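S.K.: Take this structure first; my questions come after.
Every read-out reported here was derived from the displayed coordinates using simple, explicitly stated rules and does not represent laboratory data. Since the model is a prediction, treat every value here as computed from it, not as a measurement. Positions of Cβ are backbone-derived with ideal geometry, glycine not excepted, and every protein chain shown enters the neighbour counts.
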Amino acid sequence: MSEFKVRDNELSELEVQTLIRAAITARDKAYAPYSEFKVGAALLCSDGRVFSGCNVENAAYGAGICAERGAAMQAVAEGSESFVAIAVVGWKDGKSEPERGLAYPCGICRQFLNEFTDGRMSVYVARSITDYEKNDLASLLPHGFGPKNLED
Ligand code: THU
């Protein structure tokens with residue numbers, strides 16, 4: 001049984017906190033020896049499942065990948081292709097809560113997530129489970145290019 005009741009893309013405060021907590025747990029696994037900026041993401045799908053990801057850097061810098069795309073890859077590989085919400089956290093170790101910035105998904109990740117939404121995905125960027133901002137993916141990626149653009 002999922003901890004999440006997915007209806008109308010609206011999450012309860014408790015559900016948001018659970019999603020952010022999962023992102024913070026994923027952040028602990030980040031492999032970021034070059035930037036030292038550790039990112040965690042937790043992605044809620046319409047089937048109620050949550051997939052997490054962390055950034056994984058590489059000695060060949062450009063080969064690294066962001067936390068959000070890591071989570072999205074996990075979801076698709078496990079058969080979940082309908083995204084409802086994502087929580088993202090990112091900061092360097094040792095930052096106190098007020099020192100942390102909000103890690104908004106990069107442009108490539110916004111585009112990547114857009115592929116698997118009905119246009120109403122929520123993006124929670126957080127400093128802690130109680131200090132977060134809610135955004136719609138559509139406002140972070142205005143006029144986004146998606147599968148519909150390729151329809152005949
Ligand atoms: N990063 C993410 O994981 N997600 C984003 O949306 C922005 C950036 C990672 C990539 C790199 O490992 C580190 O943060 C610094 O850019």
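S.K.: At 222 nm, what helix-only mean residue ellipticity would the chain give, in deg cm²/dmol to the nearest 500, using -39500 (n - 2.57) for each DSSP H run of four or more?
M.R.: After summing the helix terms and dividing by the residues of the chain, the value is -7000 deg cm²/dmol.
S.K.: Among the lysines, select those whose C-alpha is under 21 Å from the C-alpha of residue 95, and discard any that sit fewer than 8 residues away in the same chain.
M.R.: 29, 38
S.K.: Arranged from highest to lowest average of other beta-carbon atoms within 10 Å per residue, in what order do the peptides 111-118, 3-10 appear?
M.R.: 111-118, 3-10
S.K.: Moving on to the next point. Across the stretch 6-14, in residue order, what do the Karplus-derived ³J(HN,Hα) couplings come to in whole Hz, using 6.51 cos²θ - 1.76 cosθ + 1.60 with θ = phi - 60° and x for Gly and Pro?
M.R.: Values per residue, Gly and Pro as x: 8, 9, 6, 6, 9, 9, 6, 4, 5 Hz.
S.K.: Rounded to whole Hz and in sequence order, give me ³J(HN,Hα) for the stretch 49-59 from the Karplus expression 6.51 cos²θ - 1.76 cosθ + 1.60, θ = phi - 60°, writing x for Gly and Pro.
M.R.: 7, 10, 10, 10, x, 9, 6, 10, 8, 8, 4
S.K.: By per-residue mean of other Cβ atoms within 10 Å, what is the highest-first order of 31-37, 146-152?
M.R.: 31-37, 146-152
S.K.: Then there's this: What are the ³J(HN,Hα) values, in whole Hz, obtained from phi via the Karplus relation 6.51 cos²θ - 1.76 cosθ + 1.60 with θ = phi - 60°, for each residue of the stretch 136-150 in sequence order, with x given for Gly and Pro?
M.R.: 8, 4, 4, 7, 7, 9, x, 6, x, 8, x, x, 4, 5, 9
S.K.: Give the average over all directions of the projected area of the C-alpha convex hull of the chain, one decimal, in nm².
M.R.: Numbers: hull surface 38.6 nm².
That works out to 9.7 nm².
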